[in-house]
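Beneath this line is the structure, given in structure tokens, with notes to follow.
The values are calculated or read from the model by the stated rules, or taken from the named source; none is laboratory data. Not measured: the values here are computed from a predicted model. Here the Cβ positions follow ideal geometry from the backbone for every residue, glycine too, while neighbour counts run over all protein chains shown. Surface accessibility is based on the protein's heavy atoms, side chains included, excluding ligands, DNA and RNA. Shrake-Rupley method; radii C 1.70, N 1.55, O 1.52, S 1.80 Å.
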Amino acid sequence: MASPPADQSPHPHAGYPPKVATGIAGLDDILLGGLPKGRTSLVRGGPGAGKTILALEFIYRGALEGEPGIFVTFEERADILRQNAWALGWDLEPLEQQGLLTIIQPDMPVRFVESGSFDIGGLLAILDGHVEKLAAKRIAVDAADVLLRLFRSYAQREEQLFALHYWLWEQSQTALLTLKSGHEEQASNDRLEYLADCVMHLDNRVAGQIATRRLRVIKYRGSGFLSNEFPCVITTGGIALMPITRSQLGRRIKGKVPTGIAKLDSLLEGGYLRSSCVLVGGSTGAGKTTIASQFALAACKRSERVLYVDFEESVDSLTSSMKSVGLDLQSAVDAGQLKVIATMPESAGVEEHLWYLFQAIDQFAPDHLVVDSISACNRMGSEEAAFDFLVRLLTHCRSTGTTCIYLNQTTPESASNSISGVGISSLVDALIVLEQDWPADEHRRRLLIIKSRGCRHSHAYHQFQITDHGIEIAETESRGSAQQEAGP
Amino acid sequence: MSVENPMPTSNETTETRQLILFLAEGEPNSIAARRNLENLLASAYDCQVQVQYVDVLEEYEFALEHRVLVTPTLLMIDPLPRVMIVGTLKDTETVITALRLRRSED
């Protein structure tokens, strides 16, 4: 009795139709296993959408798995492709030497005289030869529309597309063709969308000055697929797509985690809720970074790991300002317990920031995460972008059981507890406000716990000071209650 | 269709034309091109014409080298500039003009 074909794919839907895992992060999830085996798939998209890299990665990942593939490029030069691949950390040359990967760069004839009918027989012969030489299983044809320009009439183009498609099918190649979206090519592209077994669209949209690439599967003959638009990022490792399924609710670790400030622990019945999200708001200099750093250091002393994402200042500036209040972040960094990522919010779009952070979270596996500050996230493009970023980061942290401390910088004009600047206060588990004022010569600071889910917390204002050994909360309650002291 | 007789440059008149016809053996367009070229060369010209027939299915690397993506393709590799003619070569006068040939009888 024949045994069923080996199925390396972890996807429950894999099997029929037979699929080939692309190896591209996230794409196989969206395609419920991969591209249709022995069939032609199509990627369509405008300039800069990432078609070439997607197609090249499909061939590259196959070659790494020992499945020989051919990349036919009608637009980019082979040496440029190798350079671009190198920049993504892919070394194509050894694979080429081992006969696992071949780049064919057919130079388009520049000037020619036409006399009578002709067809892509030359190209197919070239492909034929290479398929045999490599025993290739995968073929990517990048910018197939350029080839079609050799043919004047629509009918000819269509005929040649049929010929190419038929040849690929006859050769049982798992093929990925890329085509530019554009009105001129539209007609023949549409035709190919009918022929292809799987069709994907890639686009590169700019929202709030930040470009985001998105991928959408249009059709997949005989198979289900995730039909949403998925953000994708070109990272140093290649294309990465983030299906939302990635942010499923996962395990939550119960219990309390000490805040690093004994008095605050008692106000919160033992500390922050582990794996929850705590929002700490306050104006500049109110002590947000200090409260977070104190929490981080205490966690590091318990041999837990903390990832500190700083959108406000550099690593050096953070460690030196915390040193001045007696918090030695540097030794925690040196000990490998604390990791600080300092980055400018405007340096990348939401998707890229998320990708890097998810990667850092997956690799460093922190118990706790600090984001300083979430108000800076508006600079990722727009308030919606910031909200999207924070919610997805929070969701990811919930799935990994990571405690999130979000610091929010409020402006002096805004009422102290109107903290919902980026609209996520309803999503957080605990909300702490730090206030300050300067009556006479005094710098007066106080702290108020506005909410803390699942715990009977203090509802009073508590005076505190920032000393040379961090935050010190006064034992006695401040006189006024929250209601009486609310902003003017 | 009236085609002007090309004015041959002095150094081309006595040279040999070197042609390569790239074919996909057995394909109708290729069969037609070979027949049309042979008919065309049955006439006498003011120079020698040498033709090499290449089956792209056998010599695909040679085809790639010469940018031959479509068949049939006729290449004149010498004298320069190179000339590429694609198709069945059905328009005899177009082909003769493109190859800068002159009939001896004329």
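One table, with the values for the structure above:
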| quantity | calculated |
| --- | --- |
| Boolean, A:LEU81 is buried (at least 20 other Cβ atoms within 10 Å of the Cβ) and away from every other protein chain (no Cβ under 13 Å) | yes |
| Segment B:84-98 - residue that is more than 7 Å from every other protein chain (Cβ to nearest Cβ) and in contact with a helix residue (DSSP H, G or I) (Cβ under 9 Å, 6 or more places away or on another chain) and, of those, surrounded by the most Cβ atoms within 10 Å (Cβ to Cβ) | B:ILE96 |
| The one condition in (1) modelled with pLDDT under 90; (2) at the interface with chain A (Cβ under 7 Å from one of its Cβ atoms) that B:VAL56 fails to fulfil | (1) |
| Among the candidates A:LEU264, A:LEU273, residue that is touching a residue at least 24 places away in the same chain (Cβ under 8 Å) and open to solvent by less than 40 Å² (accessible area, probe 1.4 Å) | A:LEU264 |
| Residue match in segment A:131-141 (condition: within 11 Å of chain B (Cβ to nearest Cβ), open to solvent by 10 Å² or more (accessible area, probe 1.4 Å) and in contact with a Leu (Cβ under 9 Å, 6 or more places away or on another chain)) | no |
| Selected residue [surrounded by 22 or more Cβ atoms within 10 Å (Cβ to Cβ) and modelled with pLDDT under 90] from A:LEU127, A:LEU148 | A:LEU148 |
| Number of the condition not met by A:SER181 [criteria: (1) modelled with pLDDT of 90 or more; (2) open to solvent by 10 Å² or more (accessible area, probe 1.4 Å)] | (1) |
| Subset tally (residues that are closer than 10 Å to A:ALA125 by Cβ and open to solvent by less than 10 Å² (accessible area, probe 1.4 Å)) for segment B:55-76 | 5 |
| Qualifying residues in segment A:312-343 (those that are charged (D, E, K, R) and within 19 Å of A:SER283 (Cα to Cα)) - the one surrounded by the fewest Cβ atoms within 10 Å (Cβ to Cβ) | A:GLU313 |
| Pairs where the first residue, in segment A:112-129, is within 7 Å of chain B (Cβ to nearest Cβ) and the second is in a strand (DSSP E or B), C-beta under 6 Å, 6+ apart | A:PHE112/B:MET84; A:PHE112/B:VAL86; A:VAL113/B:ILE85; A:GLU114/B:VAL86; A:SER115/B:ILE85; A:PHE118/B:VAL86; A:GLY121/B:THR71; A:GLY122/B:THR71 |
